[in-house]
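The values are calculated or read from the model by the stated rules, or taken from the named source; none is laboratory data. Predicted model, so just to flag it, every value in this text is computed and none were measured. Every residue, glycine as well, gets a Cβ built from its backbone with ideal geometry; the counts of neighbours run over all protein chains shown. The accessibility values were calculated without ligands, DNA or RNA, using every heavy atom of the protein model including side chains. Shrake-Rupley method; radii C 1.70, N 1.55, O 1.52, S 1.80 Å.
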Amino acid sequence: MSIETIRPAHTDAPEEAAVAALGDEEIFAAHRGGKLSVASTVPLASKRDLSIAYTPGVAQVSRAIAAEPELARTLTWAERLVVVVSDGTAVLGLGDIGPSASLPVMEGKSALFKAFGDLDSIPLVLNTTDVDEIVETLVRLRPSFGAVNLEDVSAPRCFELEEKLIEALDCPVMHDDQHGTAVVVLAALTGAAKVTDRELGELRVVVSGAGAAGIAVAEILQAAGIDDVVLLDSRGVINRERADIAADPASKKAQLAARSNPRGVAGGPGEALLGADVFIGVSSSRLDEEHLKLMNHSAIVFALSNPDPEVLPEVASKYAAVVATGRSDFPNQINNVLAFPGIFRGALDAGARRITPAMKLAAANAIAGLAGDKLSADYIVPSPLDPRVAPAVSAAVAAAVEAE
């Protein structure tokens with residue numbers, strides 16, 4: 001199969017043009033007053049309705065829960081409620097903009113949980129960046145929710161925060177910037193490998209960005225059987241001999257260096273991409289067109305930085321057989337919304353207390369499988385708006401819980 005026969009081309013042009021034409025007036029009008037509201041699930045039109053929903057009837061329910069705490073799982077919304085938690089330190093591509101400025105993003109995330117996973121969700125933006133204070137806050141709030149979606153917390157603090165919350169809470173916890181991204185990247189790469197007639201295990205992959213998303217991507221690719229994964233950060237290729245990594249053997253990067261880069265590649269992007277099959281960008285670094293020429297025939301390029309990809313699709317497609325971005329105005333959008341609603345829904349449906357690697361792999365396989373007969377260079381994962389996605393991911397995750 002030649003590059004010419006599978007080179008990406010723009011599709012859904014009217015929809016992409018509409019997205020590109022968005023103006024400030026329309027955007028700000030949609031956000032005025034926030035994007036969320038609370039609606040009652042019971043009627044409140046009569047005194048009888050009030051007596052059932054509130055006093056005196058509600059006291060009966062409270063007495064029952066006090067006597068048998070497990071009843072809170074079915075008699076309140078708590079165990080089906082996802083809290084979207086952020087400290088505003090790594091919001092989109094905007095950086096550390098603080099909790100208040102992050103709230104519109106978290107409201108949007110909660111709206112996506114409802115629209116795609118039929119899960120109630122509320123945003124919690126916290127006015128602290130202290131990991132232990134965040135953990136303590138959520139431990140104290142635990143009776144009010146059933147799962148935690150961490151969002152836009154800066155690295156390396158996000159690793160410590162997720163680990164501590166998983167230990168402290170008896171409910172599903174996932175940092176979506178890490179694991180949601182990783183799940184969808186694996187799903188997309190599974191499709192791209194099929195389009196280019198490759199097996200996942202034979203791919204040479206370069207990941208640009210060794211923060212939360214980059215490390216999670218590397219780890220899930222290795223769990224899926226891809227051994228040759230090389231990571232780049234702002235100082236170049238991550239390997240065991242690099243002075244700053246060798247000096248801090250307990251760091252996340254040192255741990256990753258010990259189990260990645262099997263060929264001992266050193267240097268910068270040029271050395272990393274020489275003979276590579278796949279480039280995955282999850283940083284703000286730009287990818288030089290000259291470096292694309294060093295990649296293997298029928299290369300795969302995922303330029304996922306938002307809003308500005310590491311390399312524009314029209315440039316990448318000169319050399320790559322399959323190109324993806326994180327944007328909705330280009331083909332092959334790699335978007336976390338393909339993963340997180342179904343992952344949380346499946347975990348909660350199955351009564352899971354943890355989100356495990358097996359559940360993430362199951363989610364990735366479910367997403368990849370939905371491309372089906374439509375699989376092509378322009379369609380390696382389904383659209384985020386495809387109504388099949390969340391139910392398929394949820395069912396796969398729930399089955400993985402049962403199998404563990």
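Odds and ends about this structure:
- Test set (1) within 26 Å of GLU163 (Cβ to Cβ); (2) open to solvent by 20 Å² or more (accessible area, probe 1.4 Å) - GLN333 fails condition number: (1)
- Hits in segment 125-157 (condition: open to solvent by 40 Å² or more (accessible area, probe 1.4 Å) and either touching a helix residue (DSSP H, G or I) at 6+ places or on another chain (Cβ under 6 Å) or in contact (Cβ under 8 Å) with a residue 40 or more places away in the chain (or both)): VAL125, ASN127, THR129, VAL139, LEU141, PRO143, SER144, ALA155, PRO156, ARG157
- Among helices (runs of 4 or more DSSP H) entirely within segment 13-76, having at least 2 residues that are under 30 Å from GLN333 (Cα atoms) and modelled with pLDDT under 95 singles out 13-20, 24-31.
- Residue ID - nearest to VAL323 (Cα to Cα), chosen from residues in segment 220-250 that are in a helix (DSSP H, G or I) and in contact with a strand residue (DSSP E or B) (Cβ under 9 Å, 6 or more places away or on another chain): LEU221
- So VAL185, is it open to solvent by 30 Å² or more (accessible area, probe 1.4 Å), touching a Leu at 6+ places or on another chain (Cβ under 9 Å) and under 24 Å from GLY326 (Cα atoms): no
- Any chance LEU92 is at pLDDT below 95 and either within 18 Å of the chain's Cα centre (by Cα) or of a type in the set (A, V, I, L, M, F, W, C) (or both): yes
- Single match in LYS194, LYS164 (criterion: modelled with pLDDT of 95 or more and over 25 Å from ILE367 (Cα atoms)): LYS164
Results for (1) under 21 Å from the mean Cα position of the chain (by Cα); (2) in a loop (DSSP other than H, G, I, E, B); (3) more than 19 Å from LEU186 (Cα to Cα), shown as yes or no for each residue.
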position	(1), (2), (3)
HIS291	no, no, yes
VAL301	yes, no, no
PRO307	yes, yes, yes
MET359	yes, no, no
ALA364	yes, no, no
ALA368	yes, no, no
ALA396	yes, no, no
VAL401	yes, no, yes
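- Qualifying residue in segment 390-397 (condition: more than 21 Å from LEU81 (Cα to Cα), among the small types (Gly, Ala, Ser) and surrounded by fewer than 19 Cβ atoms within 10 Å (Cβ to Cβ)): no
- The set of residues in segment 338-369 being touching a Pro at 6+ places or on another chain (Cβ under 6 Å) and either modelled with pLDDT under 95 or open to solvent by 30 Å² or more (accessible area, probe 1.4 Å) (or both) is empty.
- Hits in segment 202-219 - residues which are of a type in the set (A, V, I, L, M) and either surrounded by fewer than 24 Cβ atoms within 10 Å (Cβ to Cβ) or outside any strand (DSSP E or B) (or both): LEU203, ALA210, ALA212, ALA213, ILE215, ALA216, VAL217, ALA218
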